[in-house]
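Okay, structure first, notes after.
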Amino acid sequence: MIKTLLYIDEDLSSSIALRYAAYLYKLIDMELYVTHVEEPDPNEQAGTGWVRRTWENGVASSGRQLIERMLRTEKIHCPLAGRPKVFVGDKAKEISYELRSGGYNLYMEGYLNTADSEAFYQLISSPVYTKAPCPVMVVKNLSLSTRCALLCADSVDPQVLVEKTMAIIGDSTLSVDLVYFKFRESESLTFLEKREAGSSLQQAEKLLEEAGKTPENVTVLLGTPEQVGDHLKDYVFVSSTLPTRKSMRMEALANTLSTVMLVR
């Protein structure tokens, strides 16, 4: 089972993420846990000892009520593997610690897509994402597809991409496509022959076949990040290694409406 931690707040992005997790549960053998972190104003923190513990219990109780409201509202058809986990403190620190100590295979979090590449990079370069011991999934949209894509480029280590992705989808019913991205400013997206891609595409295809997931489609795209991002929009998710700030791959992932799974 894929032990999964889903972070939720009382907002639209978490609503989408909850429904997305319930859909993914049908495709991947997941063990789903939900969590929330209450980040109080430092000026509101009170005392030490039992006074502080009482205050923290009250704050945590508010967090539990939030999760219960979300679960009642969404009515997801997906059983939780355990009681919701509510923490009080700094979100990045609490989630990072829970991921390390809990032995999770996947972390999920909702994100309202804005096509703002800087905001997207700030998210994926945060400590939760860069230090997570497992793949992290940025849930942007509720896509009801049964196909996922692995995004290749010259800067991608195909072994990391394939092995870490297969650790999540290996026993699933998802079909897989390979997409290779080459950047060029152009008026329209161009489809190239496989031989025009780098060696990383060939290696990724070979590794997938060895792992028992022969790709249904292998596509080489030449175009802008916006064009490639639009091409990827209908996949249930796009898997990629963590991109750098200046890479065109990061821009494509920021621009796509599809959920993004980052591996490292």
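The values are calculated or read from the model by the stated rules, or taken from the named source; none is laboratory data. Note that the structure is a prediction, hence the values are computed from the model and not measured. Don't worry about glycine lacking a Cβ; one is built from the backbone with ideal geometry, like all the others, and counts go over all protein chains shown. Each accessible area value is taken on the protein alone, full model and side chains, heavy atoms only, with ligands, DNA and RNA left out. Shrake-Rupley method; radii C 1.70, N 1.55, O 1.52, S 1.80 Å.
Structural remarks
- Among the conditions (1) among the charged types (D, E, K, R); (2) touching a strand residue (DSSP E or B) at 6+ places or on another chain (Cβ under 8 Å); (3) modelled with pLDDT of 95 or more, the only one that Lys91 does not satisfy is (3).
- Of all residue pairs spaced 6 or more apart or on separate chains, those with beta-carbon atoms under 7 Å, a first member in the range 219-242 that is under 16 Å from Ala153 (Cβ atoms) and in contact (Cβ under 8 Å) with a residue 40 or more places away in the chain and a second member that is buried (at least 20 other Cβ atoms within 10 Å of the Cβ) and acidic (Asp, Glu) are Pro225/Glu251.
Residue-wise test of (1) open to solvent by 40 Å² or more (accessible area, probe 1.4 Å); (2) more than 19 Å from Ser143 (Cβ to Cβ).
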{"residue": "Thr214", "(1), (2)": "yes, yes"}
{"residue": "Pro225", "(1), (2)": "no, yes"}
{"residue": "His231", "(1), (2)": "yes, no"}
{"residue": "Asp234", "(1), (2)": "yes, no"}
{"residue": "Leu242", "(1), (2)": "yes, yes"}
{"residue": "Arg245", "(1), (2)": "yes, yes"}
{"residue": "Met248", "(1), (2)": "yes, yes"}
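- Members of the range 95-121 found to be farther than 20 Å from Leu18 by Cα and among the acidic types (Asp, Glu), listed by number: Asp116, Glu118
- Tyr33 vs. criteria at pLDDT 95 or above, within 26 Å of Thr114 (Cα to Cα) and surrounded by 15 or more Cβ atoms within 10 Å (Cβ to Cβ): no
- Leu257 being open to solvent by 10 Å² or more (accessible area, probe 1.4 Å), touching a residue at least 12 places away in the same chain (Cβ under 8 Å) and more than 14 Å from Lys140 (Cβ to Cβ): no
- Lone unmet requirement of (1) outside any helix (DSSP H, G or I); (2) modelled with pLDDT under 95; (3) under 30 Å from Pro133 (Cα atoms) for Tyr235: (2)
- Sole exception among (1) outside any loop (DSSP other than H, G, I, E, B); (2) under 28 Å from Pro40 (Cα atoms) for Tyr104, by number: (1)
- Hey, Val218 among the hydrophobic types (A, V, I, L, M, F, W, C) and more than 18 Å from the chain's Cα centre (by Cα) or not: yes
- Pairs with Cβ under 9 Å, 6+ apart, first in the range 1-18 and free of Cβ contacts under 8 Å to residues at least 12 places away in the same chain and of a type outside the set (Phe, Trp, Tyr), second part of a helix (DSSP H, G or I) and open to solvent by 10 Å² or more (accessible area, probe 1.4 Å): none
- When the range 199-212 is limited to residues that are out of contact with any strand residue (DSSP E or B) (no Cβ under 7 Å at 6 or more places or on another chain) and part of a helix (DSSP H, G or I), the one that is surrounded by the fewest Cβ atoms within 10 Å (Cβ to Cβ) turns out to be Ser199.
- Listed by position, the strands (runs of 3 or more DSSP E) contained in the range 122-198 that have at least 2 residues being surrounded by fewer than 22 Cβ atoms within 10 Å (Cβ to Cβ) and free of Cβ contacts under 8 Å to residues at least 40 places away in the same chain are 190-192.
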